[in-house]
1. Can you tell me which of R17, R30, R37 is in a helix (DSSP H, G or I) and touching a Gly at 6+ places or on another chain (Cβ under 9 Å)?
2. For the stretch 121-130, check the following and say yes or no: at least one residue is free of Cβ contacts under 8 Å to residues at least 24 places away in the same chain and either in contact with a His (Cβ under 8 Å, 6 or more places away or on another chain) or not in a helix (DSSP H, G or I) (or both).
3. Tell me which residues, restricted to the stretch 36-75, are loosely packed, with under 10 Cβ neighbours inside 10 Å and farther than 30 Å from L86 by Cβ.
4. Give me the pairs: first residue in the stretch 1-30 and under 12 Å from G109 (Cα atoms), second residue among the polar types (S, T, N, Q), beta-carbon distance under 9 Å, and six or more apart or on different chains, which are they?
5. For A54, indicate whether it is aliphatic (A, V, I, L, M) and part of a helix (DSSP H, G or I).
6. For A118, indicate whether it is loosely packed, with under 14 Cβ neighbours inside 10 Å and in contact (Cβ under 8 Å) with a residue 12 or more places away in the chain.
7. When the residues of the stretch 95-119 are narrowed to those that are of a type in the set (K, R) and within 16 Å of the chain's Cα centre (by Cα), which ends up farthest from L13 (Cα to Cα)?
8. Determine whether T136 is hydroxyl-bearing (S, T, Y), assigned to a helix (DSSP H, G or I) and within 30 Å of E20 (Cβ to Cβ).
Amino acid sequence: MSRQTTIDSLGLLVRVRASEVDRIQADLARQEATRGRYQANLDRLHALVEGSGASGALSPALALNCGQYKQAVFALADSHRTDLHLHEANMQVAQRELANAWTRREVLGMVLDRHQGAADRERDRALRKREDETATQAWLAGRA
């Protein structure tokens, strides 16, 4: 495989890894928005419980109704909290995946830079050699 083919292949791999990083970042942004919605829902549920007032100051029928309402809201809030914790665990997995993808992209980028540097040095060496040969021929032609 030629040096340029290697560089082209590494460049493609770096672009693929960069798109993977972008995809994971977009996924994390969506997950963060979902986490925010869960948190906002929990805050609203808490406000609903607080807004319903004390059930002990009401008539027995209304107190029973208010108590059942609060129980239902608490159960819904518990369910949302459980879902939120599971979602946050998934986000942590995605964050680790992002860190790994970013590391893979950076490592490939460094390998690509090393190969490009070697190719540049090789081109410079070949150019200097041609210039030296041309200068030598010109010097020899001037002596004759």
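1. Only one candidate qualifies: R17.
2. Within the stretch 121-130, the subset free of Cβ contacts under 8 Å to residues at least 24 places away in the same chain is 121, 123-130.
From what's left, either in contact with a His (Cβ under 8 Å, 6 or more places away or on another chain) or not in a helix (DSSP H, G or I) (or both): none.
Within the stretch 121-130, not a single residue is free of Cβ contacts under 8 Å to residues at least 24 places away in the same chain and either in contact with a His (Cβ under 8 Å, 6 or more places away or on another chain) or not in a helix (DSSP H, G or I) (or both).
3. Correct list: A54, G56, A57, S59, P60, A61.
4. I7/Q116; L10/Q116; G11/Q116
5. no
6. yes
7. Initially, the stretch 95-119 is screened for residues of a type in the set (K, R), giving 96, 104-105, 114.
Filter again for within 16 Å of the chain's Cα centre (by Cα), leaving 96, 104-105.
On the way: R96: 21, R104: 10, R105: 8 Å.
It comes out as R96.
8. For T136, the condition - hydroxyl-bearing (S, T, Y), assigned to a helix (DSSP H, G or I) and within 30 Å of E20 (Cβ to Cβ) - is not met.
Every read-out reported here was derived from the displayed coordinates using simple, explicitly stated rules and does not represent laboratory data. Here the structure is a predicted model, which means the values were calculated and not measured. Please note: Cβ atoms are built from the backbone with ideal geometry, for glycine as well, and neighbour counts cover all protein chains shown.
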